[in-house]
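Peer 1: A single structure is presented below for examination.
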Amino acid sequence: MRKLMPRFERLDASTLGFPTGDPKITVTVLSPRIVRVELRQIGQNAAPSYLADREWTPTPFDVVDGDPVRLVTTDLRVEVSRAPLRVAVLDSRDDWLLREPADAGVSAELAADVAGRRRVRASFVFSGEQHFYGLGQGGAAFDRLGAVRQLWNTHIGHGPGSDMGVPLLVSSRGYALFFDNPGDAVVSVGRSDGGLRIVYTAETGRLAWYFLLGGDVRGVMREVAELLGRAPMPPRWALGFLQSTRHFEDTAELRRLGHTLREKRIPCDALIYLSTYGDALGWNRGVGHLEFQPTLWADPGALLAEMRAQHFEIITHEYPVLHEQSPLFAEAEARGYLLDAGYERASPTGANYRQGQRYVDFSDPGARAWWWSAHRDLVRLGIAGWWLDGGEGPPAESALHGGSGTLLHNIYDRYRHEGFAEGEARDRPDQRVFLLCRSGAAGMQRFGASTWSGDINNDFATLEAQISLGLSTGLSGVPYWGTDVGGFFHPIPETGELYARWFQLGAFSPIFRSHGWVWREHVPWAHGSEVETICRRYAELRYRLLPYTYTLAWQAHTLGLPLMRPLVMRYPDDPRVWGLGHQFLWGDDLLVAPVTRAGATAWPVYLPAGAWYDFWTGARHDGPGGITVAAPLDRLPLFVRDIRFWKTGG
């Protein structure tokens, strides 16, 4: 008699394998609330992962043999059925949340264009009405239901700015899906194909998906932090106002900026300096150099000491490339730390920074350590943080130490973050890390990396779009996000109204930073005394609220909660907030409704259930329901849940 193969095998204390199924998968219980399902592929090599290496403490779970096989933890159930093999996930009440459809589960197929490359795919159906969030920074909608997201890090200046894909999808039903594959991928949320489906397709790499159960959106963020890593506490100064710059005429102008901020009594904690772009002088010799510009910064130690004496921290800018005229270039090339890919050679005159520089291969641990070591002179001079620009990743056809560009493009800049965080831990273990990054990836937060929305235009429509971008980034596990106050490019003339309204949003963004193409028009006094007074007021409010904001940073560190929170996080049972992405909560107690229309002097606000008090007048309003409030230029619609908060000013 032919011996029957077992339906499953226990591979270790946490993992069951299903060797006879079609497809062949493993199911690993990482915690009572987190499980991993992985497709087993023939000849599968080790693959890059967004996750940190760690040993998970074995979680007790029961296995009930049958069809389906059931894995039971205290909080969830996983069912694996046969013929065909499909996975479903249920909560502790046995209500199903997500399952693979009978006609489409997980699969791998050979790609037609490249020998040996396998495209992987996973499909799911979900129960009842659900709304979805996350997937990184980018895309038009806050609610991802019905959206298709291309997960390929991109920067489009003058348009949507930075698009940073994070393969984390959070459901309003209190769970999340995470796909641990950094490769070029697409997620369709609500594809109509025999019912509404979530379909994930990656062009290369492995297929491993994680189910995280939180009970509600707030609880999901705790599990996301457990899986992807916790954001460390930022430096306290990084929670203040940061003034960014571009290029200077001379050293006198460089020195004048800090003096003017202090003379005008506008609170500010850090000054940020851009690289030299061709003939336009910044902090260094040029993009791909780490030495100070000798004319503008003839005595960098003395200039930096003067700025620190005024109580400013200093942040320097760089791209992930090396210039052939850098004294570091020959060594980097000899060690194999440079990619063939890099920037094109543009005009050598004017403010052009693209001069044939080549990408540093941050997928190589040796290159990461070497690159950090090249920053030690800057560390000795007291540079406090690092502006890591332009890290969207090398082209798909690039060959990196860790794999192809198709596979590593999205995770490229996160390797750079890792190198800086490891270097800081070695050289300045008592100093908190601050990285300001245009691009990134899932898990970047655990390296002290924040992000901003890139080089966007200066109009009210773009201002309005920032709010949902910030909320989506926070729900992707990255709590520290900001935007160029005033917008970056200026296809239309700058106005004091736009700058004031953007500054108000900045005061309630995790990273509060003013920046722009014409940076002199993006300082608080650039638009006359009225706007200067408004900016001072909101900068002062930022600092008045700093104890509260610091508590939010602690919650980000310990609970995985973003500082800037969608209303659905606190009011998940209110259907009017499921798609609400143009106002938000700052923590749990402040409701912020930024004004994003030119000429507005009144503004509609939705208040969820409970009593809400106007921050400026103390007037009480009871939710749920909409109201319209006065919104002159100096007033950001702002409400508090507790009248004691209003009476003490936070």
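The values are calculated or read from the model by the stated rules, or taken from the named source; none is laboratory data. These numbers come from a predicted model, not from an experiment. Positions of Cβ are backbone-derived with ideal geometry, glycine not excepted, and every protein chain shown enters the neighbour counts. Accessible surface areas use protein heavy atoms only, side chains included; no ligands, DNA or RNA. Shrake-Rupley method; radii C 1.70, N 1.55, O 1.52, S 1.80 Å.
Peer 1: When you scan region 50-147 for strands (runs of 3 or more DSSP E) that lie fully inside it, which ones turn up with 1 or more residues that are surrounded by 14 or more Cβ atoms within 10 Å (Cβ to Cβ) and basic (Lys, Arg)? Before the answer, list the steps.
Peer 2: Values: elements: 62-64, 69-72, 76-81, 86-91, 96-99, 106-110, 118-126, 132-137.
Counting at least 1 such residues, we get 69-72, 76-81, 86-91, 96-99, 118-126.
Peer 1: Out of all the residues in region 190-199, is one or more in contact (Cβ under 8 Å) with a residue 24 or more places away in the chain and surrounded by 24 or more Cβ atoms within 10 Å (Cβ to Cβ)?
Peer 2: No, because not a single residue in region 190-199 is in contact (Cβ under 8 Å) with a residue 24 or more places away in the chain and surrounded by 24 or more Cβ atoms within 10 Å (Cβ to Cβ).
Peer 1: Looking only at region 601-642, count how many residues are open to solvent by less than 20 Å² (accessible area, probe 1.4 Å) and closer than 27 Å to residue 485 by Cβ.
Peer 2: Qualifying residue count, region 601-642: 12.
Peer 1: In addition: Considering only region 271-285, I want to know if a residue exists there that is within 23 Å of the chain's Cα centre (by Cα), among the basic types (Lys, Arg) and open to solvent by 30 Å² or more (accessible area, probe 1.4 Å). Don't jump to the end; show me each part of the working.
Peer 2: Of the residues in region 271-285, the ones within 23 Å of the chain's Cα centre (by Cα) are 271-274.
Filter again for among the basic types (Lys, Arg), leaving none.
No: zero hits.
Peer 1: Those residues that are surrounded by fewer than 23 Cβ atoms within 10 Å (Cβ to Cβ) and closer than 22 Å to residue 387 by Cα, I need them from region 514-538; list them, please.
Peer 2: Once the filter is applied, which keeps residues that are surrounded by fewer than 23 Cβ atoms within 10 Å (Cβ to Cβ) and closer than 22 Å to residue 387 by Cα, region 514-538 yields 517, 518, 519, 520, 521.
Peer 1: Taking the condition of being β-branched (Val, Ile, Thr) and either within 30 Å of residue 570 (Cβ to Cβ) or part of a helix (DSSP H, G or I) (or both), how many residues in region 182-227 meet it?
Peer 2: 6
Peer 1: Scan region 164-182 and tell me whether some residue there is open to solvent by 10 Å² or more (accessible area, probe 1.4 Å) and aliphatic (A, V, I, L, M).
Peer 2: Checked against the condition, which is being open to solvent by 10 Å² or more (accessible area, probe 1.4 Å) and aliphatic (A, V, I, L, M), region 164-182 yields no hits at all.
Peer 1: To continue, here is another question. Against the definition (open to solvent by 40 Å² or more (accessible area, probe 1.4 Å), touching a residue at least 24 places away in the same chain (Cβ under 8 Å) and not basic (Lys, Arg)), how does residue 150 come out, yes or no?
Peer 2: yes
Peer 1: Ok, one more. Which ones in region 461-471 are crowded, with 23+ Cβ neighbours inside 10 Å and in contact (Cβ under 8 Å) with a residue 60 or more places away in the chain?
Peer 2: 463, 467, 469, 470, 471
Peer 1: Also, quick follow-up: With respect to the numbered conditions (1) under 19 Å from residue 237 (Cβ atoms); (2) open to solvent by 10 Å² or more (accessible area, probe 1.4 Å); (3) in contact with a helix residue (DSSP H, G or I) (Cβ under 7 Å, 6 or more places away or on another chain), which one is the sole condition not fulfilled by residue 496?
Peer 2: Going through the list (1) under 19 Å from residue 237 (Cβ atoms); (2) open to solvent by 10 Å² or more (accessible area, probe 1.4 Å); (3) in contact with a helix residue (DSSP H, G or I) (Cβ under 7 Å, 6 or more places away or on another chain), residue 496 breaks only (1).
Peer 1: Residues of region 135-150 being of a type outside the set (S, T, N, Q) and under 15 Å from residue 469 (Cα atoms), which ones?
Peer 2: Listed by number, the residues that qualify are 135, 136, 138, 139, 140, 141, 142, 143, 144, 147, 149.
Peer 1: Sticking with this one: May I ask you to list the residues in region 401-420 that are more than 15 Å from residue 165 (Cβ to Cβ) and open to solvent by 20 Å² or more (accessible area, probe 1.4 Å)?
Peer 2: Selection gives 401, 402, 403, 404, 415, 418.
Quick grid of which residues meet (1) open to solvent by less than 30 Å² (accessible area, probe 1.4 Å); (2) in a helix (DSSP H, G or I); (3) touching a residue at least 24 places away in the same chain (Cβ under 8 Å); (4) touching a Pro at 6+ places or on another chain (Cβ under 9 Å):
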residue	(1), (2), (3), (4)
455	yes, no, yes, no
473	yes, yes, yes, yes
542	yes, yes, yes, yes
550	no, yes, yes, no
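Peer 1: Would you mind stating whether residue 558 is among the β-branched types (Val, Ile, Thr), farther than 29 Å from residue 158 by Cα and open to solvent by less than 60 Å² (accessible area, probe 1.4 Å)?
Peer 2: yes
Peer 1: To continue, here is another question. Out of 230, 262, 246, report the one residue that is in a helix (DSSP H, G or I), open to solvent by 10 Å² or more (accessible area, probe 1.4 Å) and of a type outside the set (Phe, Trp, Tyr).
Peer 2: That would be 262, the only listed residue that is in a helix (DSSP H, G or I), open to solvent by 10 Å² or more (accessible area, probe 1.4 Å) and of a type outside the set (Phe, Trp, Tyr).
Peer 1: What pairs come out if I take residues in region 230-255 that are within 22 Å of residue 524 (Cβ to Cβ) and pair them with residues that are among the basic types (Lys, Arg) and not in a loop (DSSP other than H, G, I, E, B) whose C-beta lies under 7 Å away, six or more apart or interchain?
Peer 2: Pairs that qualify, where the first residue is within 22 Å of residue 524 (Cβ to Cβ) and the partner is among the basic types (Lys, Arg) and not in a loop (DSSP other than H, G, I, E, B), are 240/542; 241/542; 242/513; 244/513.
Peer 1: Does any residue of region 257-274 turn out to be over 22 Å from residue 511 (Cβ atoms) and of a type in the set (A, V, I, L, M, F, W, C)?
Peer 2: Looking for residues that are over 22 Å from residue 511 (Cβ atoms) and of a type in the set (A, V, I, L, M, F, W, C), one finds none in region 257-274, hence no.
Peer 1: Just a yes or no: is a residue in region 410-425 without any contact (Cβ under 8 Å) to a residue 24 or more places away in the chain and not in a loop (DSSP other than H, G, I, E, B)?
Peer 2: Yes: one or more hits.
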